[in-house]
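Following: one structure in structure tokens, then a few remarks.
The values are calculated or read from the model by the stated rules, or taken from the named source; none is laboratory data. All of these numbers come straight from a predicted model, not from anything done at the bench. Cβ sites come from the backbone with ideal geometry, for glycine too, and all protein chains shown count toward neighbours.
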2 protein chains.
Amino acid sequence: MSTYACDAAAIRDAAQRLAGIVHRTPVMTSETFNRLSGKQLFFKCENLQKAGAFKYRGATNAVCRLSAAAAANGVVTHSSGNHAQALALAARRRGIPAYIVMPKTAPAVKKAAVEGYGGRVTLCEPTLTDRERTANELVAQTGATLIPPFDHPDVIAGQGTTALELLEDVPDLDAMIVCVGGGGLIAGCTIAAHSLRPALRVFGAEPSGADDAARSKAAGQWLPQTNPNTIADGLLTSTGQLTWPVIRDRVERIFTVSDDEIRATMRLVWERMKLIVEPSGAVAAAVALSEAFRAVRDIHKVGVIFSGGNVNLDRLYW
Amino acid sequence: MSTYACDAAAIRDAAQRLAGIVHRTPVMTSETFNRLSGKQLFFKCENLQKAGAFKYRGATNAVCRLSAAAAANGVVTHSSGNHAQALALAARRRGIPAYIVMPKTAPAVKKAAVEGYGGRVTLCEPTLTDRERTANELVAQTGATLIPPFDHPDVIAGQGTTALELLEDVPDLDAMIVCVGGGGLIAGCTIAAHSLRPALRVFGAEPSGADDAARSKAAGQWLPQTNPNTIADGLLTSTGQLTWPVIRDRVERIFTVSDDEIRATMRLVWERMKLIVEPSGAVAAAVALSEAFRAVRDIHKVGVIFSGGNVNLDRLYW
């Protein structure tokens, strides 16, 4: 029996369920990044995932796991980010409605993206209270199932399939760097990776303007994220009740990087690797290039996850 | 015996020679592009190739084929584009000098890129006459071997390995769209593809502002490109003595697209596929989305080559 919200068996089940539905994303290498990091880096390209981020794995796993009766009523979430798009697309694939609660203040381009995937958007006040209230009302009205963005066993299991694939492609990794927002990706990936390779060292990556996981690790207890301030808009949230215990016990250390480091890394990825990553998607790579990470000894082959690539191309980020 | 400058055996030899040196680039798919084109498209991502373009294949093959004695004196080319960078990197890999002749007017960023790969840049007047004169002087002074950007059997054979890999990954393609500048890529890819799949239909893609191959096909004879005017700066040149016969005999048709179509396609590739392609690199994809190509009957699975991804990220293209 697992100590955590999901175990390796649930992740392997998810991998079977998702085969042929999610993209098996490529693992890329770059001599430039190897040289700059002093290590051998293997980039798992979830920016190339359907709906543009790893979120499609967890959303699809959760949607697939619903009974036919529950599924018929649809799914709900409150998010303005990649989980909203992912859930809308996963629901459309199963032919069920997705009710997406977004704050009135969300950019028009994000609303359009969700609607482009067939999501039904309900606008609310830009407060967590009103988002939750509106989502609960939708559940009451429609009988739809709430699929939260990270703190859910099926979502965590889905995200963990990212690390299974990475280790299938590069079985002898010494370490892995994964960005931390709510912690769904790092929790799932840690459980998956340690089931195959118990000695693999897992490092978290956070923007210094939203460093709750780093502070929580330092304090030895869960701390919330208040007033985040970073360009990495996918990593603003606190870790969850299900994800924090995995981070607490199994993640060796959380590294933080500044917005300038994130922007510089992002540009380098675009320029040298020819891949579009969003600011949050570049945070793990920025850690890989940081002074602090260069100082970590005894690791050579490092997996780095590009978590997403949804950007606004009306302007550049630098 | 082959009618053309290189045959399938030379391309298979090149593939063996290049294994482990060039990236085996991934083949990507996109539901958005499938929907917009009405076909199933398979994108061969040479924008992810080393030095950012398919040119590294031909340059490396040519450099590897030099005898030790010839190689020791280095290689020369006159180019300000992707071939220059590719040749510099291929030469550095073999530990030999690369002398690159560039017009004084070439952007500083292109000069820096060549020098970043270890190339030794000689500036000349921005005329073909002075480029050739300067290159010939370098050959005379150094004993280096001239490696032209496309009209050379080893270069064509190297570029052809792109299609070998594409057909290994997607053996049942009905057709292939390849951009045409000097014609090295389409000539090599056509010979490779027809050796595996004689009925495969090959289509060329040109910007309407540099449509010499389309006009040549229409006229039934080689015509030069004069005064090209297009954003696709990798496709400005005329086809060559070795590449034109393959285009003439084996390419079914050349489609042209406007700069607006190229720009719109480029943005769509960045936005939906999360891949950086340069203007020239988006021309084949722009053809795939064009009205004229949609009207072609009896083809379903189409290979499309993203030829390169070297862009200037100081500004956007739209």
Failed criterion for A:ALA187 (all others in (1) surrounded by 24 or more Cβ atoms within 10 Å (Cβ to Cβ); (2) under 18 Å from A:ALA90 (Cα atoms) hold): (2)
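Okay, residues lined up against (1) out of contact with any Ser or Thr (no Cβ under 8 Å at 6 or more places or on another chain); (2) of a type in the set (Phe, Trp, Tyr); (3) not in a strand (DSSP E or B):
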| site | (1), (2), (3) |
| --- | --- |
| A:THR77 | yes, no, no |
| A:SER80 | yes, no, yes |
| A:ALA84 | no, no, yes |
| A:LYS110 | no, no, yes |
| A:GLU115 | yes, no, yes |
| A:PRO126 | no, no, yes |
| A:ARG131 | yes, no, yes |
Qualifying residue in segment A:19-38 (condition: more than 20 Å from B:ALA51 (Cβ to Cβ) and aromatic (Phe, Trp, Tyr)): no
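Just name the residue that is surrounded by the fewest Cβ atoms within 10 Å (Cβ to Cβ) out of those in segment A:300-315 that are small (Gly, Ala, Ser) and within 14 Å of another protein chain (Cβ to nearest Cβ).
Going through segment A:300-315, the residues small (Gly, Ala, Ser) turn out to be A:303, A:307-309.
Still in the running and within 14 Å of another protein chain (Cβ to nearest Cβ): A:307-309.
Values: A:SER307: 34, A:GLY308: 31, A:GLY309: 28.
Restricting to residues being small (Gly, Ala, Ser) and within 14 Å of another protein chain (Cβ to nearest Cβ), the top hit is A:GLY309.
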Residue list for segment A:98-114, filter: under 21 Å from A:ALA62 (Cα atoms) and either touching a strand residue (DSSP E or B) at 6+ places or on another chain (Cβ under 6 Å) or buried (at least 24 other Cβ atoms within 10 Å of the Cβ) (or both): A:ALA98, A:TYR99, A:ILE100, A:VAL101, A:MET102, A:VAL114
Count - residues of segment A:11-38 that are charged (D, E, K, R) and under 19 Å from B:HIS23 (Cβ atoms): 3
Check on A:ALA91, over 25 Å from A:GLU46 (Cβ atoms), among the hydrophobic types (A, V, I, L, M, F, W, C) and not assigned by TED's automatic domain parsing to the domain that holds A:GLU46: no
Qualifying residue in segment B:155-175 (condition: part of a strand (DSSP E or B), in the same structural domain as B:LEU223 (by TED's automatic domain parsing) and not basic (Lys, Arg)): yes
Residues of segment B:98-108 satisfying the condition of being over 20 Å from the mean Cα position of the chain (by Cα) and β-branched (Val, Ile, Thr): B:THR105
Matching residues in segment B:224-257 - criterion: being surrounded by fewer than 20 Cβ atoms within 10 Å (Cβ to Cβ) and closer than 13 Å to B:VAL287 by Cβ: B:GLU252, B:ARG253
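Those residues that are touching a residue at least 12 places away in the same chain (Cβ under 8 Å) and of a type in the set (S, T, N, Q), I need them from segment A:58-82; list them, please.
Looking only at segment A:58-82, we keep the residues that are touching a residue at least 12 places away in the same chain (Cβ under 8 Å), and these are A:58-66, A:70-82.
Residues satisfying the conditions are A:THR60, A:ASN61, A:ASN73, A:THR77, A:SER79, A:SER80, A:ASN82.
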Close pairs from segment A:244-263: first in contact (Cβ under 8 Å) with a residue 60 or more places away in the chain and under 18 Å from A:SER307 (Cα atoms), partner assigned to a helix (DSSP H, G or I) and polar (S, T, N, Q), Cβ under 9 Å, at least 6 apart: A:ILE247/A:THR190; A:ILE247/A:SER216; A:VAL251/A:THR190; A:ILE254/A:SER216
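Quick one: in segment A:40-97, of everything that is among the hydrophobic types (A, V, I, L, M, F, W, C), farther than 30 Å from A:ILE299 by Cα and within 12 Å of the chain's Cα centre (by Cα), which residue is farthest from the other protein chains (Cβ to nearest Cβ)?
Start the filter on segment A:40-97 by keeping residues that are among the hydrophobic types (A, V, I, L, M, F, W, C), which leaves A:41-43, A:45, A:48, A:51, A:53-54, A:59, A:62-64, A:66, A:68-72, A:75-76, A:84, A:86-91, A:96.
If we keep only those that are farther than 30 Å from A:ILE299 by Cα as well, we get A:51, A:59, A:62-64, A:66, A:68-72, A:75-76, A:84, A:86-91, A:96.
Those still in the list that are within 12 Å of the chain's Cα centre (by Cα) too: A:59, A:86.
Numbers: A:ALA59: 16, A:ALA86: 14 Å.
Filtering first and then ranking leaves A:ALA59.
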Scan of segment A:258-299 for residues that are surrounded by fewer than 24 Cβ atoms within 10 Å (Cβ to Cβ), part of a helix (DSSP H, G or I), hydrophobic (A, V, I, L, M, F, W, C) and more than 14 Å from chain B (Cβ to nearest Cβ), ordered by number: A:LEU289, A:ALA292, A:PHE293
Every pair of residues 6+ apart whose Cβ atoms lie under 9 Å, when the first sits in segment A:105-125 and is under 14 Å from A:GLY52 (Cβ atoms) while the second is assigned to a strand (DSSP E or B): A:LYS110/A:MET102; A:VAL114/A:ALA98; A:VAL114/A:ILE100; A:VAL114/A:MET102; A:VAL114/A:ARG120; A:VAL114/A:VAL121; A:TYR117/A:ALA98
Which numbered condition A:GLY181 fails, given (1) in a loop (DSSP other than H, G, I, E, B); (2) in contact with a Cys (Cβ under 9 Å, 6 or more places away or on another chain): (2)
A:THR226 part of a loop (DSSP other than H, G, I, E, B), over 30 Å from A:GLU31 (Cα atoms) and either within 14 Å of chain B (Cβ to nearest Cβ) or modelled with pLDDT under 95 (or both): yes
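So how many residues does segment B:83-97 have that are in contact (Cβ under 8 Å) with a residue 40 or more places away in the chain and touching a Gly at 6+ places or on another chain (Cβ under 6 Å)?
Selection size over segment B:83-97: 1.
Is it true that B:VAL246 is of a type outside the set (Asp, Glu), within 14 Å of chain A (Cβ to nearest Cβ) and within 30 Å of B:ALA8 (Cβ to Cβ)? Break it down into steps so the answer makes sense when it comes.
Numbers: of a type outside the set (Asp, Glu): yes; within 14 Å of chain A (Cβ to nearest Cβ): no; within 30 Å of B:ALA8 (Cβ to Cβ): yes.
The answer is no for B:VAL246.
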Search result, residues across segment A:1-39 that are farther than 26 Å from A:ALA113 by Cα, β-branched (Val, Ile, Thr) and within 14 Å of another protein chain (Cβ to nearest Cβ): A:VAL27, A:THR29, A:THR32
